[in-house]
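These notes are about the structure you will find just below.
The values are calculated or read from the model by the stated rules, or taken from the named source; none is laboratory data. Computed from a prediction, not measured in an experiment: that's the story for all the values here. Don't worry about glycine lacking a Cβ; one is built from the backbone with ideal geometry, like all the others, and counts go over all protein chains shown.
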Amino acid sequence: MKKQTLSKLIALILSLALALALCSCGSGDDAENGGQAGGGTETVEYTVTFMNGDTTLGTAKAKEGQTLAEADYKSFETQPDSEFLGWFETPTFLESSKKDLTAMTVTGDMTLYGSFKSTNVAEDTRAWYIVGASTSGGALAGSNWANSAVAEADRETFRLQPTGNAVNEVSITLDLYSGDQFQIVHDWQWDDQKGFGAFTEIDETQMANGGGLGGSADKSNVNVIMDGNYTVTLTTDPENPVQDTMTIVRNGDPVSAPETFKAGESTTISVKGSWVDDWSDLKELTRVEGEGNVFTIDMELDAGTQLCFMVFDNGVDTGLVLKDENVTDEASRALLGDAGGNVVLAEAGTYTFTVDADTMGVTVTKA
């Protein structure tokens with residue numbers, strides 16, 4: 001009996017020893033897997049990349065949910081002859097994307113762009129203008145998207161003037177109306193336009209991204225949503241354009257009412273579009289006999305073609321441009337693709353475009 005009891009005791013001790021050994025092995029596996037029970041996933045580590053324009057300054061690593069140590073990035077904040085203004089998630093330093101690294105927790109791989117303002121900025125000798133179009137008779141119609149036909153003297157109406165507050169800081173104050181579109185250009189040229197994405201401060205309840213031909217938000221048209229008197233301010237660094245900053249502030253309601261265009265016998269409508277790369281092919285619509293100021297044209301076009309309609313009076317471009325927003329009936333809209341500002345065709349086919357110059361409405365039908 002004693003021998004049987006001793007055997008059971010020995011078996012029990014061996015079982016306990018084996019269990020402890022297995023637990024010990026399990027604990028080691030857990031340690032290698034981030035301390036998660038049952039071999040759980042390892043704590044994730046992410047990489048933060050710091051940029052100065054197109055130049056990579058360096059990287060830092062942090063585990064998920066952690067903040068970066070100051071030593072990880074402080075050395076990146078010093079550049080020759082520059083004042084450091086902060087880290088941003090957007091390369092154009094959109095104010096809403098500014099990050100406070102002392103409080104920011106890392107939740108994934110990310111890229112931050114340093115804003116370094118030169119302490120020795122070269123003088124900007126270029127002339128900057130606000131140019132665009134207005135379907136409501138606003139002043140922008142006279143700029144006609146920096147058309148070369150606009151007289152030199154008339155261009156001065158749209159020129160940004162020095163503020164005297166900072167080096168290369170220029171601004172303009174003018175009335176803008178819902179439906180207006182604009183961009184900022186220098187020297188009445190389009191080689192370095194500044195659109196919606198180039199604004200470091202913009203209220204998206206007042207302005208929207210209107211798309212365009214530039215291929216990026218920085219060169220997209222700015223669509224005005226809210227009537228108002230606005231001030232556009234631009235500060236430039238000719239030798240480092242990435243440091244250019246641009247803001248727009250609504251000062252209040254428009255100072256004056258827009259001049260309403262009235263179509264008449266001398267009015268004509270033309271269409272241009274992406275069927276040629278430079279949009280240089282201008283086709284005139286035919287006035288519909290007996291229907292007043294209504295014009296039409298039939299065109300065979302590919303899917304994805306973009307186009308817009310221009311209003312002329314006595315052979316002179318009025319600056320009024322009709323786009324996607326002028327197409328309002330459901331049947332016409334069903335034939336269109338993603339707007340992006342211009343009229344965009346969803347499918348290839350033969351189309352009839354009809355423009356009512358009295359209502360500034362556009363209808364589209366497909367054969």
### Message
I'm trying to understand the selection: among the residues of the range 344-358, which are buried (at least 16 other Cβ atoms within 10 Å of the Cβ) and either among the hydroxyl-bearing types (S, T, Y) or in a loop (DSSP other than H, G, I, E, B) (or both)?
### Response
Y351, T354, A357
### Query
Taking the range 246-265 as the search range and keeping residues that are farther than 30 Å from E289 by Cβ and of a type in the set (S, T, Y), which one is surrounded by the most Cβ atoms within 10 Å (Cβ to Cβ)?
T247
### Message
I need the full set of residues from the range 79-117 which are within 23 Å of the chain's Cα centre (by Cα), of a type in the set (S, T, N, Q) and either surrounded by 13 or more Cβ atoms within 10 Å (Cβ to Cβ) or under 16 Å from M51 (Cβ atoms) (or both), in order please.
### Response
T90, T92, S97, T111, S115
### Query
Considering the range 158-205 alone, what residues qualify as being within 23 Å of G142 (Cβ to Cβ), among the acidic types (D, E) and in a strand (DSSP E or B)?
D175
### Selection status of W145, part of a helix (DSSP H, G or I), under 21 Å from A217 (Cβ atoms) and either touching a strand residue (DSSP E or B) at 6+ places or on another chain (Cβ under 7 Å) or touching a residue at least 40 places away in the same chain (Cβ under 8 Å) (or both)
yes
### Query
Considering the range 57-78 alone, what residues qualify as being of a type in the set (V, I, T) and either surrounded by fewer than 12 Cβ atoms within 10 Å (Cβ to Cβ) or touching a His at 6+ places or on another chain (Cβ under 6 Å) (or both)?
T78
### Query
So which strands (runs of 3 or more DSSP E) stay within the range 219-331 end to end and still have 1 or more residues that are over 19 Å from G179 (Cα atoms) and outside the structural domain of W87 (by TED's automatic domain parsing)?
228-235, 245-252, 267-273, 294-301, 306-313, 316-322
### Message
Looking only at the range 235-288, how many residues end up being modelled with pLDDT under 90, under 22 Å from A139 (Cα atoms) and of a type outside the set (D, E)?
### Response
6
### Query
If you check G304, G341, G337, G361, which single one turns out to be crowded, with 17+ Cβ neighbours inside 10 Å, among the small types (G, A, S) and within 29 Å of the chain's Cα centre (by Cα)?
G341
### Message
Take the conditions of a type outside the set (G, A, S), touching a helix residue (DSSP H, G or I) at 6+ places or on another chain (Cβ under 8 Å) and at pLDDT below 95 and apply them to K63. Does it pass?
### Response
no
### Message
Go through the range 199-242 and report how many residues are under 17 Å from G53 (Cα atoms) and touching a Leu at 6+ places or on another chain (Cβ under 9 Å).
### Response
2
